[in-house]
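The values are calculated or read from the model by the stated rules, or taken from the named source; none is laboratory data. If you're wondering where the values come from, they're calculated on a predicted model, not measured in any experiment. Reconstructed Cβ throughout: ideal geometry from the backbone, glycine too, with neighbour counts over all protein chains shown. Calculation scope for accessible area: heavy atoms of the full protein, side chains included, ligands and nucleic acids excluded. Shrake-Rupley method; radii C 1.70, N 1.55, O 1.52, S 1.80 Å.
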Amino acid sequence: MSRAFIVNGLLCFCLLFVAAACGTHKSGYVADDYVESDDAVGSVRETTDDYDIATVIESCPEWTDVTISGTMAVGMGSSLRSAVVVKMIKDKSVSISIRPILGIEMGKIYFEGDTVTVVDKYHKAYLKESVGKVLGGYLDLTALQSLLLSYPFVIGDGALDRNNCDKLETVYYEDGGYSIFPKEQMKSMEYGFDMDGNNIRQFNVIVGKDGDGVAYSVDFGGFQLTERGRIATSVKSNMPFNGVDAFFELDYKSVKWNNDVADSVTVPSGARRYAFSDIMKLISR
């Protein structure tokens, strides 16, 4: 197993979201036992008039933590696929555990506060940087959590709620669809959310303006009803990166809410520390 397998898998996740963002009571619920099938939940665009920012806020589940098991595939010239476990503690941390062989964790990316730690256990290597350096100046921890739950957010102001909803507006279309946009866009980028009911169907970003902008998107699908509401179980993005067509896919197989999850990351003793520039060189090979 090459070092690039672990490091590429971990960092591709970050870098594809960077491009999209810059260029982000106790019980368990298993996806195989969702309340309704994807066909039943499906698209709700034919009833778009029933949805607006207020209904999106009302649909947001009360949650303290969530554990998602599934698979992740990434590709930058070549493709990698692995089982993963994603853990999120609300407003505190996000982790993606890479488990390519028999469920054994071989690598992990861990966001907490303004720090991200990437660990390659197989090769005893790690990276520790500021979230801003890895994810860029726009996507932060709360935005990343919102994206993974297919929920809108305000860049720099957290998940959409009653305190920041006045910063967004709704645009309806003749075909029955609708989108949510910031009332005031940033000078260096524009972003918005094409919606499916109360969930994001597509997160769109244009980096740069005045006719020179580059468009990126993250697509959401496979909507399912869980114990804590409807979420997408498929997150995908395709975009050019470093001269190749890069892609990222995350598919959820089980979702467990509010189990008092504790999470952390441990750097192996004697592990070599890499700088972000070192990782970029590995990915560029």
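Annotations for the structure displayed:
- Applying D = kT/(6 pi eta Rh) to the range 113-262, where Rh is the Kirkwood radius over alpha-carbon pairs, T corresponds to 20 °C and eta to 1.002 mPa s, the Stokes-Einstein value obtained is 124 µm²/s.
- Taking amide H as placed 1.01 Å from N in the peptide plane, TYR274 has its amide H under 5 Å from the amide H of TYR126, LEU127, LYS128, each at least 5 places away in sequence or on another chain.
- Peptides 196-203, 214-221, 178-185, 92-99 ranked from most to least packed give 196-203, 92-99, 214-221, 178-185, packing being the mean of other C-beta atoms within 10 angstrom over each peptide's residues.
- Take the range 194-240 with all the other protein chains still there, run a 1.4 Å probe, and you get 38 Å² of accessible area per residue.
- Directionally averaged projected area (convex hull, Cα atoms, the range 86-184), nm²: 8.7 nm²
- Rg followed by Dmax, in Å, when the range 144-205 is reduced to its Cα trace: 11.2, 31
- Sulfur and carbon atoms: percent of accessible area, the range 146-249 [1.4 Å]: 46 percent
- Ranked by how many other beta carbons lie within 10 Å on average, peptides 142-148, 187-193, 164-170 from highest: 142-148, 187-193, 164-170
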